[in-house]
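Here is the structure we will look at.
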Amino acid sequence: MANYKVHDNPVRDEWTAKIGQLKTLSKGHTFLNNFRKTHTTPLRENFDLELDWGWIECKIEEKVALLKHAELDDHQFLNNCICGADAQEVADTAVAAMDACTDKYEAEKLHINFRIDCKPPVMPTNVFMDADRLLGTKLMELRNTNYYALSLEELRIERGVKVITVQ
Amino acid sequence: MAISAATKAATDALAVNRAPTSVNAQEVHRWLQSFTWEFDKNRSKYPTKYKMANDTKEQFKLIAKEYARMESVKDERQFGSLQDVLTRVDAANKVHPKWNETMKVISNFLEVGEYNAIAATGMLWDSASAPEQKNGYLAQTLDEIRHTNQCGYVNYYFTKHGQDAAGHNDARRTRTIGPLWKGMKRVFSDGFISGDAVECSINLQLVGEACFTNPLIVAVTEWAAANGDEITPTVFLSIETDELRHMANGYQTIVSIANDEAASKYLNTDLNNAFWTQQKYFTPVLGMAFEYGSHFKVEPWVKTWNRWVYEDWGGIWIGRLGKYGVESPASLRDAKKDAYWAHHDLFLLAYALWPTGFFRLTLPTQEEMDWFEENYPGWYEHYGKILEEWKARGCEDPSSGFIPLMWFIENNHPIYIDRVSQVPFCPDLCKGASTLRVHEYNGKKHTFSDDWGERMWLTEPERYECQNMFEQYAGRELSEVIAELHGVRSDGKTLIAQPHTDKDGKMWTLDDIKALNCVFSDPVDAL
Ligand SMILES: [Fe+2]
Ligand SMILES: [Fe+2]
């Protein structure tokens, strides 16, 4: 239970302080990546930050973007991921893995993990957006093929939900 | 002096396509058709499973000078009537107070739909590759900008010239309190602009416009006029005259993908999901707005629904697309079952949750109750009796210390919110088709109310992450939430929302709500 305000609240204050401690790009990158894995996306490790994760993630991204601006030169800014890798190569690898994928649940993980690892400011937006479009297109194709093949009961099992109540 | 590349390109283009010197409509049209968008590597920014053919014709026949001339005449007529005639006869104060409240919801919400339609048609412009088809979408973008302004203007007009401005003005500031905004954003925002670009077109043009603008934008003018409102018809009919072209754009979207093999694999699924998405919200909300938000009745919602949604759209319009492999959605039959009771179910919840709104709701008068029973036999036994009990307990009066939400808690009738549509439902009390199903996934519980929505979530769970108000405010006291999220009038203490429209009745304040000590809790925690 979160008996505190939506906008100004102790959880956001606590994270604002932690974000303030990030002084280098490499620390910021690790921090952002860990945060996304732990607190965001359907694959997240826990829902402790269910109410505030979006705001906090945004604040970390802002900070990392500033650190990136300070540490990278113009060429790197447009062409490299934060870790120094060639952004287009990273994107091409992800798209190739998706092209080869034929299982919708695998494809879903590929797409979500690509976003966790690469969503800007980690990868330059110009490269990220187009790769994300290609990954999303393939994922939608797999998900929408034979859409009604399984009954709801079968689909629940395949998705791996625990049924609490069905009226 | 060297000319810039842009100036040179424009000069060259004019040399090839000379601008017409007359304003002959056909000549202008031909000239516009000769425009093409050719990119070196033409690709869309947006994902889609479909390939749009690049020789698609548009049916948007009146663009540029003809189009702009027509729209300016329409605007002059509309704003002229509003500012001159209607203001002189004090039209905004002649609207029935119940209907005045309904327009807070309808015009503010439609404005959001129009705003997202701007983005949606921009996205379709980007996705299409046929020049004429791009022209069609681009012109629709202009229309949707016009409609956004028009809807905003209706609320501005009511605010300035009418009765009880609170809620007409600045309604968006209340958007995170209650559930109605979130459901509306699901259909009007997500549905139009997220996911597959063609699926968005199906949501916006094939379902939103071809199916629901008739009951929404046309029927609303009849209900408005019957309730003394001359303002809404003046504006909304002017909007609706643009919609025909938008439906034609939706038709062309289908034509442009008809020969793509993706269409045979995905199109009917996307249509079924789009229809269910749109109807799940609009069927109950429009029915509730018309029948419970008016004093003078036009025709029962179920009849309007059957005529325009089931027969005209599901039968005739979709029938015309049959030659392209489009089938009437399977979910249409389930929607038809819901069209009878779903809006009555929703009213019980909306009235119970009235402090979370941005408008005033009222209990039906005896005369209105008789109308409900006559048109929905069995209504009184179920809904009428509950409403009478609430009234007897003084739910309209702040000194009663009673809001109907307390009745739900006392009688152990939990209210849930459907994860996919964001529409609230009470499985114990609903006569509509909703049934409760709750699943836990990766440590989080999700609630659903129907087969179609549940399947959509099981297939694409990350699309429906929106928290509902029970998750968001669990543990918090109601008046604190209302105060923090701007649900009070300019005096800083009286709620915008009220459970009556009685001019002499007392208005509820934050203190009255605080005295009830209503604390939010998430009903799935008990499961
Ligand atoms: Fe519109
Ligand atoms: Fe439209």
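Figures for the structure shown
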read-out	value
Residues of the range B:397-439 that turn out to be of a type in the set (A, V, I, L, M, F, W, C), within 13 Å of another protein chain (Cβ to nearest Cβ), in contact with a helix residue (DSSP H, G or I) (Cβ under 7 Å, 6 or more places away or on another chain) and without any contact (Cβ under 8 Å) to a residue 60 or more places away in the chain, as a count	0
Top-ranked residue of the range B:146-161 - restricted to ones that are within 15 Å of ligand 1 (Cβ to nearest atom) and touching a helix residue (DSSP H, G or I) at 6+ places or on another chain (Cβ under 8 Å), ranked as nearest to B:I231 (Cα to Cα)	B:V154
Given (1) buried (at least 22 other Cβ atoms within 10 Å of the Cβ); (2) facing chain A (nearest Cβ under 7 Å); (3) modelled with pLDDT under 95, number of the condition B:N442 does not satisfy	(1)
Residues that are touching a Ser or Thr at 6+ places or on another chain (Cβ under 6 Å) and either away from ligand 1 (no atom under 14 Å from the Cβ) or in contact (Cβ under 8 Å) with a residue 60 or more places away in the chain (or both), drawn from the range B:115-145	B:N116, B:T121, B:L124, B:D126, B:S127, B:A130, B:P131, B:Q133, B:Y137, B:Q140
Residues being open to solvent by 40 Å² or more (accessible area, probe 1.4 Å) and more than 8 Å from chain B (Cβ to nearest Cβ) - total across the range A:131-157	7
Selection within the range A:8-23 - assigned to a loop (DSSP other than H, G, I, E, B) and open to solvent by less than 60 Å² (accessible area, probe 1.4 Å)	A:N9, A:L22
Hits in the range B:130-153 - residues which are away from ligand 2 (no atom under 16 Å from the Cβ) and within 30 Å of B:D504 (Cα to Cα)	B:Y153
Tally, over the range B:384-428, of residues that are within 22 Å of B:Q366 (Cα to Cα) and in a loop (DSSP other than H, G, I, E, B)	7
Lone unmet requirement of (1) open to solvent by less than 10 Å² (accessible area, probe 1.4 Å); (2) over 29 Å from B:Y50 (Cα atoms); (3) within 14 Å of ligand 2 (Cβ to nearest atom); (4) within 14 Å of the chain's Cα centre (by Cα) for B:V220	(3)
Residues that are hydrophobic (A, V, I, L, M, F, W, C) and farther than 28 Å from B:T494 by Cα, drawn from the range B:349-373	B:M369, B:W371, B:F372
The range A:70-83 residues that are open to solvent by 80 Å² or more (accessible area, probe 1.4 Å), paired with ones that are not in a helix (DSSP H, G or I) (beta carbon under 6 Å, 6 or more apart)	A:L78/A:P124
Only listed residue being within 16 Å of ligand 1 (Cβ to nearest atom) and of a type outside the set (F, W, Y), chosen from B:L267, B:L237	B:L237
Looking only at the range B:193-206, and only at residues there that are at negative phi and open to solvent by 10 Å² or more (accessible area, probe 1.4 Å), the one that is nearest to ligand 1 (Cβ to nearest atom)	B:I193
Which listed residue, of B:E243, B:E209, is over 18 Å from A:M140 (Cβ atoms), within 12 Å of ligand 1 (Cβ to nearest atom) and either in contact with a Ser or Thr (Cβ under 6 Å, 6 or more places away or on another chain) or not in a helix (DSSP H, G or I) (or both)	B:E243
Any hit, the range B:484-492, residues being at the interface with chain A (Cβ under 10 Å from one of its Cβ atoms) and open to solvent by less than 20 Å² (accessible area, probe 1.4 Å)	yes
So B:R333, is it of a type in the set (K, R) and more than 27 Å from B:R455 (Cβ to Cβ)	no
Verdict on B:V309 being within 30 Å of B:V198 (Cα to Cα), in a loop (DSSP other than H, G, I, E, B) and open to solvent by less than 20 Å² (accessible area, probe 1.4 Å)	no
Residues of the range A:31-69 classified as open to solvent by 80 Å² or more (accessible area, probe 1.4 Å) and over 19 Å from B:E462 (Cα atoms), total	4
Subset of the range B:124-166 (residues that are open to solvent by less than 10 Å² (accessible area, probe 1.4 Å), among the aliphatic types (A, V, I, L, M) and in a helix (DSSP H, G or I))	B:L124, B:A139, B:V154
The range B:94-114, residues that are away from ligand 1 (no atom under 16 Å from the Cβ) and of a type outside the set (A, V, I, L, M, F, W, C)	B:K94, B:H96, B:P97, B:K98, B:N100, B:E101, B:T102, B:K104
Which listed residue is under 24 Å from B:D190 (Cα atoms), among the hydroxyl-bearing types (S, T, Y) and open to solvent by less than 10 Å² (accessible area, probe 1.4 Å), from B:T277, B:T304, B:T253	B:T253
Any hit, the range B:197-205, residues being more than 13 Å from ligand 2 (Cβ to nearest atom) and either free of Cβ contacts under 8 Å to residues at least 40 places away in the same chain or more than 14 Å from chain A (Cβ to nearest Cβ) (or both)	no
Filter result for the condition that a residue is at pLDDT 95 or above, away from ligand 2 (no atom under 12 Å from the Cβ) and either in contact with a Pro (Cβ under 6 Å, 6 or more places away or on another chain) or outside any helix (DSSP H, G or I) (or both), over B:V112, B:V95, B:V105	B:V95
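Here is a yes/no grid of residues against (1) within 16 Å of ligand 2 (Cβ to nearest atom); (2) more than 19 Å from the chain's Cα centre (by Cα):
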site	(1), (2)
B:L244	yes, no
B:K265	no, yes
B:K280	no, no
B:T283	no, no
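The values are calculated or read from the model by the stated rules, or taken from the named source; none is laboratory data. What you see is a predicted model; the values in this text were computed from it and never measured. Neighbour counts run over all protein chains shown; Cβ positions are idealised from the backbone, glycine included. Each accessible area value is taken on the protein alone, full model and side chains, heavy atoms only, with ligands, DNA and RNA left out. Shrake-Rupley method; radii C 1.70, N 1.55, O 1.52, S 1.80 Å.
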